[in-house]
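Report on one structure; see the data block that follows.
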Amino acid sequence: MPPTDTLTTLFNHYLWANVSLFEQCANLTPEQLDATLLGTFGSIRETLEHIVRAEQNYLHRIRTGQRLVRPENASSLTMAEMLASLRTTGEGLIEWAGKVQPDETVTVDWEGTPRGVPKTILLTQAINHATEHRSQVMAILTQLGIEPPELDGWNYFDTMDKA
């Protein structure tokens, strides 16, 4: 595994973990994708799309300073579209993680009040948000009797070291 700085390593792991989980879920039946568990965001399908849409918004905000506006009647994404988006936005976050300066902010609607939020917080939220929801999907998979992928840092290191 070639050495990289901390932020690049964190976001490379982030991309690897997202893609690994989504690739496994791409093999699920429609019934399995619709499975849910009390205390989670929603079904596997809904949670995966939520991760993708949020990641698109985080990257768009970091790049442009603006919230990503989608048509109200936007159709659901296919697994192939979600995977393609994850790869694109994941690479974008890797790129921006090293470029964002500590004093760069974006204005967000914070409970009805415009508020400046550091772009570093958007990067932090991207990692945290995906990690929480990946855990929820993995819990649903476990409930279905499907062993979820191991997405921790050790497995990332081992996988990348063998590549």
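The values are calculated or read from the model by the stated rules, or taken from the named source; none is laboratory data. What you see is a predicted model; the values in this text were computed from it and never measured. Here the Cβ positions follow ideal geometry from the backbone for every residue, glycine too, while neighbour counts run over all protein chains shown.
Observations
- Restricting attention to segment 64-84 and to residues that are of a type in the set (A, V, I, L, M) and without any contact (Cβ under 8 Å) to a residue 40 or more places away in the chain, the residue that is nearest to Phe22 (Cα to Cα) turns out to be Ala84.
- Of all residues in segment 2-33, those satisfying the criterion of being among the aromatic types (Phe, Trp, Tyr) and in contact with a Gly (Cβ under 8 Å, 6 or more places away or on another chain) are Phe11, Tyr14.
- Check on Gly98, farther than 28 Å from Asp34 by Cβ and in contact with a strand residue (DSSP E or B) (Cβ under 6 Å, 6 or more places away or on another chain): no
- Of all the listed residues (Arg61, Arg45, Arg53, Arg87), the sole one being among the charged types (D, E, K, R), farther than 23 Å from Met160 by Cα, in contact (Cβ under 8 Å) with a residue 60 or more places away in the chain and surrounded by 13 or more Cβ atoms within 10 Å (Cβ to Cβ) is Arg61.
- Residue count for segment 104-130 under the criterion of being free of Cβ contacts under 8 Å to residues at least 60 places away in the same chain, of a type outside the set (Asp, Glu) and at negative phi: the result is 16.
- Taken across segment 141-159, residues that are loosely packed, with under 13 Cβ neighbours inside 10 Å, under 16 Å from the mean Cα position of the chain (by Cα) and of a type in the set (Asp, Glu) do occur, with at least one present.
- Qualifying residue in segment 108-118 (condition: modelled with pLDDT of 95 or more and crowded, with 17+ Cβ neighbours inside 10 Å): no
- Some residue of segment 139-154 being part of a helix (DSSP H, G or I) and under 23 Å from Leu7 (Cα atoms): yes
- Residues in segment 91-114 that are in contact with an Asp or Glu (Cβ under 8 Å, 6 or more places away or on another chain) and farther than 11 Å from Tyr58 by Cβ: Gly98 alone.
- Residue match in segment 72-83 (condition: part of a helix (DSSP H, G or I), over 16 Å from Ala130 (Cβ atoms) and hydroxyl-bearing (Ser, Thr, Tyr)): no
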